[in-house]
Every structure is written in C-alpha cells, then in structure tokens.
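Worksheet for the structure shown next.
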C-alpha cells in the first residue's frame, strides 16, 4: 500500500528533504532518557526543556553541528569508596539528545533551573522578496521581446 503524506501535494514541490528529515526523526532512537518537552513560546519562539536532575552546568554541553542541536550530559564520577548503597535507583549515566533544526531556526540561549535545562529557539522570519520575471516571446527567436512583470 502506498504511503500518503501531506508532502504529496503539487503545491509543496521541493519539500522532499523536509519529509526525509521528519522520517528520520520519527525513527530516531526510542530511548526516553532524559525526558523532554517542546513548547511554542510566542509566535516565533520555541523552547526545549530536558529533565536533567543531578547534572550541574559543568556536566552539560549544548552544541550546534550542521543543522542539529546536540545536548550532552556526563556526570563527573565522585570518589564513592566511602558510600555504601542499599538501593541505587538514581542513575548517573551519560546521555546525548539530538534535535534536527529546520532552516531559519536559531538557538538563542540555554539555562539550567531546578534540574530543568531550557533551550530557547527563535524562528528567524525573513522579509518577503519580490522579484520581477522577464517573459520572452517564442515567435521571435532573433529578437526576443521582453515584457516586465511587476508583482507589486
């Protein structure tokens, strides 16, 4: 059975790369650590919040590589020779979370507050560009007639 997507519309030519990125993101690892939220803040703002309890600012890194936002956490091992655990349910494991950034999305900052890492994203909306397209006449091959079309 053929798969139907919203990108099959003839009005969305050239968005195949966006569909491929969405497919990759949906097939990404099913690991759920650390849990995160993605919120829309205002008209052009987004915020990713990761639950990183137990991690300090020195244990976390936020980087942008190509079009990916990568958040890494690695706790520095303490000398635990004098600690004896009856039960150890709080994992001190490292993690890496990746988010694919669309064109026009920029990271504007990150802050750590009460065990939550907030990464602020901003959608940069470019000014619309108006171009004039010249139309040439096909019947006059030697001397093309140019008609300027103004879209204003």
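Quick notes on this structure:
- Extension gain, residue 112 back to residue 33 (0.36 nm per residue minus Cα-Cα distance, nm): 26.7 nm
- The largest-to-smallest principal axis extents of the Cα set in the range 35-149 are 92, 29, 20 Å.
- Residues 97, 74 in ascending order of nearby Cβ atoms (within 10 Å, fewest first): 74, 97.
The numbers here are math on the coordinates, done by the rules we state, and not lab data. None of these values were measured; they are calculated from a predicted model. Neighbour counts are summed over all protein chains in view; Cβ atoms, including those assigned to glycine, are modelled from backbone coordinates with ideal geometry.
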